[in-house]
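Structure first, commentary second.
The values are calculated or read from the model by the stated rules, or taken from the named source; none is laboratory data. As the structure is a computational prediction, the values presented were derived from the model and not from experiment. Here the Cβ positions follow ideal geometry from the backbone for every residue, glycine too, while neighbour counts run over all protein chains shown. These area figures cover heavy atoms from the full protein model, side chains too; ligands, DNA and RNA do not enter into them. Shrake-Rupley method; radii C 1.70, N 1.55, O 1.52, S 1.80 Å.
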Amino acid sequence: MAWSKTTGLSPKNKSRTFGIAYNNPDTAEPSQFRFDIAGEVKSDVPENTHGIVMKTIPDGRCAVVRHLGSHNPLGRVNLSLILGMAA
């Protein structure tokens, strides 16, 4: 990712990362599906031209799935589990 290379702020090897699904890809219109890729940071993210912004994951209950290893086997089944919509 260009942003992480130019800023040196990528948390990939230093901090927790998160995938945040706001709706179900199986039921949402493709143009309405929202998914954030997030990384824990220790300082503010400076303004940039890459669209990287600071957000805070709100307190409250949420489903958490910990995945270790390659992302290749991840698919909609796992996302449905995270969203609590598995059959």
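Does Thr49 fit the bill of being under 21 Å from Thr7 (Cβ atoms) and open to solvent by 90 Å² or more (accessible area, probe 1.4 Å)?
Numbers: under 21 Å from Thr7 (Cβ atoms): yes; open to solvent by 90 Å² or more (accessible area, probe 1.4 Å): yes.
Yes.
Under the condition of being within 14 Å of Asn23 (Cα to Cα) and either touching a strand residue (DSSP E or B) at 6+ places or on another chain (Cβ under 6 Å) or part of a loop (DSSP other than H, G, I, E, B) (or both), which residue from the stretch 48-78 is modelled with the lowest pLDDT? If we take residues in the stretch 48-78 being within 14 Å of Asn23 (Cα to Cα) and either touching a strand residue (DSSP E or B) at 6+ places or on another chain (Cβ under 6 Å) or part of a loop (DSSP other than H, G, I, E, B) (or both), then Ala63 is modelled with the lowest pLDDT.
Within the stretch 1-47, can you find the residues that are assigned to a loop (DSSP other than H, G, I, E, B) and among the hydroxyl-bearing types (Ser, Thr, Tyr)?
Ser10, Ser15, Tyr22, Thr27, Ser31, Ser43, listed by residue number.
Does the stretch 8-19 include one or more residues that are without any contact (Cβ under 8 Å) to a residue 12 or more places away in the chain and either under 12 Å from the mean Cα position of the chain (by Cα) or open to solvent by 100 Å² or more (accessible area, probe 1.4 Å) (or both)? Yes, because at least one residue in the stretch 8-19 is without any contact (Cβ under 8 Å) to a residue 12 or more places away in the chain and either under 12 Å from the mean Cα position of the chain (by Cα) or open to solvent by 100 Å² or more (accessible area, probe 1.4 Å) (or both).
When Ala86 is tested against (1) open to solvent by less than 100 Å² (accessible area, probe 1.4 Å); (2) modelled with pLDDT of 75 or more; (3) not hydroxyl-bearing (Ser, Thr, Tyr), just one condition goes unmet, and that condition is (2).
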